[in-house]
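First comes the structure, then the notes that go with it.
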Amino acid sequence: MGTASRDGPSGPRCSAPLLQPRPVACGRRERLLGVAPRLPVSQFALPHHGRHDDRLKDRAHRAIRDDASIYSHYAGIKPLRRAILEKEQAYNHVPATSPDEVVVGVGSTGVFVAAAFTLLEAGDEVLLFEPFYGYHRNILRMTGATVRYVPLGGPDSTFDRAAMEEALTPDTKAVVVNTPANPSGKVWTRDELATLVDVLHAHDLVAMTDEIYEYMLYDGAEHVSLASLPGGYERTITISGFSKAYNVTGWRLGYGVAPTPVAETMGLMNDALYICAPRPLQHAALAAFEDLDDDYVAQLQAEYAERRTLMCETLEDIGFDVPWPDGAYYVLARFGHLAAGRDGFSDDEAACETLIQEAKVGSVTGRSFYETPADGQYRLRFCFAKEMPVLEQACEQLRAAFE
């Protein structure tokens with residue numbers, strides 16, 4: 001696995017120009033909030049399934065009281081890196097062997113930034129599967145690399161090796177895999193990932209895997225880390241974090257696992273961009289490994305499964321075509337037949353605005369997840385990571401709007 005060449009007196013340097021932010025779907029955020037002061041299922045919704053474990057907060061309080069407030073090592077405190085290593089070995093079956101292969105960063109997004117700037121520079125190309133997560137696309141563009149898109153689809157779709165290889169050029173250096181996926185809810189199977197490993201070796205590619213939703217699984221779906229498969233680890237940067245599973249999105253704690261030379265460069269990039277992740281919260285995150293047991297994850301999955309059922313059944317009942325997600329906590333629902341028979345559903349932007357006006361419920365336009373807007377023209381993404389009373393209210397408002 002190679003890294004992009006960047007020379008500088010204090011480590012890797014990035015020089016790619018910044019991009020303009022992607023416009024917010026359905027207009028400016030201020031207008032959205034002004035029109036609909038109550039947005040139970042919002043495109044700006046923060047994950048909030050109602051589980052705040054006091055043991056993480058107690059650790060944070062203790063770290064602050066103990067004055068754990070100076071910079072940590074740029075890759076994170078050693079106890080946390082060791083705990084992450086043990087988790088990756090036991091749960092993900094990733095064959096990392098040293099804390100030096102772990103980088104703690106400012107959220108999984110921050111780690112993705114460090115990984116992208118480690119691997120890519122202007123002139124490189126990188127593959128992104130559609131529908132994609134917008135932050136992935138925008139960060140990749142910031143490196144100066146060219147993004148090429150490969151259709152993948154939703155939960156019932158299967159990875160198409162031929163489609164991926166058709167998108168390759170001599171400049172292709174990397175591919176991004178998001179499993180479980182935002183926005184589609186697709187969970188890559190072991191066989192699909194094994195095929196991807198073959199492609200990585202055949203074309204000398206590296207994968208960045210975003211696995212932040214690794215515990216949000218339904219109907220027997222299995223989370224498999226690409227790096228756990230034979231031949232996968234040496235060509236993979238595995239990225240995850242604490243935000244989603246422990247309901248601490250604002251803490252900004254994520255991590256990456258990669259072979260030592262790559263992890264070291266990512267750490268230097270992390271240092272250049274952020275210095276380090278918030279130190280007191282690094283100590284608090286140890287509670288996820290030392291104080292919580294398997295019952296926590298089992299309960300988490302049960303609570304999300306209940307919310308998934310409520311959200312999907314509601315959308316089906318009001319006329320959406322719903323591919324039930326196998327993982328994560330989003331639904332990318334189709335409404336093509338509504339466009340023909342109901343005012344306000346001519347396309348995704350119109351439908352998004354209609355639901356705000358008539359149901360006071362926000363969603364994300366389908367075009368936000370595709371390079372060609374027409375591919376998402378009759379899709380909306382809904383998020384069900386909300387407290388149950390809030391989600392129930394949102395679903396009631398949706399049903400009332402379609403009566």
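The values are calculated or read from the model by the stated rules, or taken from the named source; none is laboratory data. The model shown is predicted, which means the values in this text are computed figures rather than measured ones. Please note: Cβ atoms are built from the backbone with ideal geometry, for glycine as well, and neighbour counts cover all protein chains shown.
Observations on the structure shown:
- Flag if T118 is surrounded by fewer than 24 Cβ atoms within 10 Å (Cβ to Cβ) and assigned to a helix (DSSP H, G or I): no
- The set of residues from segment 206-223 being touching a residue at least 60 places away in the same chain (Cβ under 8 Å) and either in a loop (DSSP other than H, G, I, E, B) or charged (D, E, K, R) (or both) comprises D210, E211, I212, Y213, E214, Y215, M216, Y218, D219, A221, H223.
- Selection count, segment 194-213, where residues are touching a strand residue (DSSP E or B) at 6+ places or on another chain (Cβ under 8 Å) and over 16 Å from A162 (Cβ atoms): 8
- Residue tally, condition assigned to a loop (DSSP other than H, G, I, E, B), closer than 15 Å to A287 by Cβ and out of contact with any helix residue (DSSP H, G or I) (no Cβ under 6 Å at 6 or more places or on another chain), over segment 62-83: 1
- Of all residues in segment 121-147, those satisfying the criterion of being farther than 22 Å from M216 by Cβ, of a type in the set (A, V, I, L, M, F, W, C) and assigned to a strand (DSSP E or B) are V126, L127, V147.
- Looking across D375, D347, one residue alone is under 20 Å from P323 (Cα atoms), assigned by TED's automatic domain parsing to the domain that holds Y304 and more than 25 Å from the chain's Cα centre (by Cα). It is D347.
- Residue selected from segment 80-124 under the condition under 19 Å from L140 (Cβ atoms) and β-branched (V, I, T), by the criterion nearest to the chain's Cα centre (by Cα): T109
- In segment 345-388, the qualifying residues are those that are β-branched (V, I, T) and out of contact with any Lys or Arg (no Cβ under 9 Å at 6 or more places or on another chain), and the one that is farthest from E313 (Cα to Cα) is T372.
- Within segment 327-367, considering residues that are of a type in the set (D, E, K, R) and part of a helix (DSSP H, G or I), the one surrounded by the fewest Cβ atoms within 10 Å (Cβ to Cβ): E358
- Residues in segment 368-403 that are in a loop (DSSP other than H, G, I, E, B) and either within 27 Å of L140 (Cα to Cα) or of a type in the set (D, E) (or both): Y370, E371, T372, Q377, Y378, A385, E387, E403.
- Members of segment 224-266 found to be surrounded by 24 or more Cβ atoms within 10 Å (Cβ to Cβ), in contact with a Leu (Cβ under 6 Å, 6 or more places away or on another chain) and assigned to a helix (DSSP H, G or I), listed by number: L226
- Under the condition of being within 18 Å of M266 (Cα to Cα), of a type outside the set (D, E) and part of a helix (DSSP H, G or I), the residues counted in segment 89-103 number 1.
- Residues satisfying the stated conditions in segment 317-351, i.e. among the aliphatic types (A, V, I, L, M) and in contact (Cβ under 8 Å) with a residue 60 or more places away in the chain: I318, A328, V331, L332
- Within segment 244-264, the set of residues being over 13 Å from V104 (Cα atoms) and either within 14 Å of the chain's Cα centre (by Cα) or not small (G, A, S) (or both) comprises K244, A245, Y246, N247, V248, T249, P259, T260, P261, V262.
- Of all the listed residues (T354, T372, T314), the sole one being touching a residue at least 40 places away in the same chain (Cβ under 8 Å) and among the polar types (S, T, N, Q) is T314.
- Only residues that are under 18 Å from R137 (Cβ atoms) and either of a type outside the set (G, A, S) or outside any loop (DSSP other than H, G, I, E, B) (or both) were counted in segment 181-203, giving 3.
- If only residues of segment 154-166 that are surrounded by 17 or more Cβ atoms within 10 Å (Cβ to Cβ) and free of Cβ contacts under 8 Å to residues at least 60 places away in the same chain are counted, the one that is farthest from T195 (Cα to Cα) is M164.
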